[in-house]
Amino acid sequence: MSMLSAKHGFALVTPASRGLGFAFAQQLLARTQLPVVATARKNCDEVRDQLLSSNGLPQNAEERLRVLKVDVTDETTLSSMADSIRQEYPETPLRIALTVPGVLHVEKSPAQIDAESALHSFQVNAVGPLLLMKHLAPFLPTKSSSAFPVAEDSNVESELQLPTHAIYAMMSARVGSTSDNHSGGWYSYRASKASVYQIAKTFDLYLRGRCGNKALAVALHPGTVRTEFTKEFWTGREMLEPLDSADRLLRFLAKLPPGPEDGRGRCWDWKGEEILP
């Protein structure tokens, strides 16, 4: 089975070195025939080998996967990523993007707030998604673009049935919701993740004008996923494995219509339920 033609688009996951991002890349390699661009801050060859050693990948996974070096705190790496994509996949639009940068500095009280750590939270959790959006937006289809075709193997049960429009998803978090904040704490993480709600909404409004119903943007909450990122908080919580969270979110995104009242520009959790700002 060969890689799909340029008109089918490409998928992107950043970062994909571990946890949820790694699971997203695994799912896209296993359940689509799209080229998959994954990123890592370091050890790109190692991340590539780990992804290709995943169970259930088709034979063409190796030719479809590219792992590029990206650090959202260094914009030159984002420029390089965009240049590499243009060179490797000319005239190929971005069909699905999953942007998941995140860092957590815990402050339980105002006295624990550290300026350098708080700035790092915003640099990764808020400015990171902004810069990714800046460099990836030109790859999304416009109003005049052709709709994406349905994959030829759409009768395969495990195949992810992507829609005919593009999807740009940003990872937020339930704790970024002010309406859902009942316990306080985590000042810089909450504030920086709240920014993603606003970024996703604002970007989606831009896409409505530039792309019409050919592309949409949303924010997502993946649940509490069992990764190194959440290790301190495993006890007493409902936990999801990375592949389970990735599967649920991808299935939700694949069914999200592009109409103005259908949910675009808002934040959705892994159950498909809206999280209000």
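A few notes on this one:
- Given (1) surrounded by fewer than 18 Cβ atoms within 10 Å (Cβ to Cβ); (2) farther than 30 Å from residue 80 by Cβ, index of the condition residue 177 fails: (1)
- The single residue among 117, 80, 121 that is modelled with pLDDT of 95 or more, closer than 21 Å to residue 221 by Cα and either touching a His at 6+ places or on another chain (Cβ under 8 Å) or surrounded by 13 or more Cβ atoms within 10 Å (Cβ to Cβ) (or both) turns out to be 121.
- Considering segment 66-96, the residues that are hydrophobic (A, V, I, L, M, F, W, C) and touching a helix residue (DSSP H, G or I) at 6+ places or on another chain (Cβ under 6 Å) include one that is farthest from residue 17 (Cα to Cα), namely 94.
- Segment 83-104, residues that are under 30 Å from residue 252 (Cα atoms) and surrounded by fewer than 20 Cβ atoms within 10 Å (Cβ to Cβ): 84, 86, 88, 89, 90, 91, 92, 103, 104
- With respect to the conditions (1) in contact with a Gly (Cβ under 9 Å, 6 or more places away or on another chain); (2) at pLDDT below 95, residue 200 falls short on a single one, namely (2).
- Check on residue 20, within 25 Å of residue 103 (Cα to Cα), of a type in the set (A, V, I, L, M, F, W, C), over 12 Å from the mean Cα position of the chain (by Cα) and part of a helix (DSSP H, G or I): no
- One residue alone among 130, 140 is of a type outside the set (D, E, K, R), surrounded by fewer than 19 Cβ atoms within 10 Å (Cβ to Cβ) and at pLDDT 95 or above, and that residue is 130.
- Residue, nearest to residue 87 (Cα to Cα), within segment 26-44, restricted to residues that are in a helix (DSSP H, G or I) and touching a residue at least 40 places away in the same chain (Cβ under 8 Å): 28
- Residue within segment 46-55 that is within 16 Å of the chain's Cα centre (by Cα) and not hydroxyl-bearing (Ser, Thr, Tyr) present: no
- Within segment 162-188, residues that are closer than 13 Å to residue 200 by Cα sit with their Cβ atoms under 6 Å from residues that are surrounded by 14 or more Cβ atoms within 10 Å (Cβ to Cβ) and among the β-branched types (Val, Ile, Thr), at 6+ positions apart or across chains, in these pairs: 167/96; 169/218; 170/99; 170/196; 171/100; 172/196.
- From the list 47, 67, 13, 72, the lone residue that is surrounded by 19 or more Cβ atoms within 10 Å (Cβ to Cβ), part of a helix (DSSP H, G or I) and among the β-branched types (Val, Ile, Thr) is 47.
- When 23, 16 are screened for being small (Gly, Ala, Ser), over 20 Å from residue 158 (Cα atoms) and modelled with pLDDT of 95 or more, only 16 passes.
- Qualifying positions in segment 249-261 - exposed (fewer than 13 other Cβ atoms within 10 Å of the Cβ) and either acidic (Asp, Glu) or in a helix (DSSP H, G or I) (or both): 261
- Among the residues of segment 186-224, the ones that are in a loop (DSSP other than H, G, I, E, B) and surrounded by fewer than 24 Cβ atoms within 10 Å (Cβ to Cβ) come to 3 in all.
The values are calculated or read from the model by the stated rules, or taken from the named source; none is laboratory data. What you are looking at is a predicted structure, and each value in this text was computed from that prediction instead of being measured. FYI the Cβ positions are ideal-geometry reconstructions off the backbone, even for glycines, and counts take in every protein chain you see.
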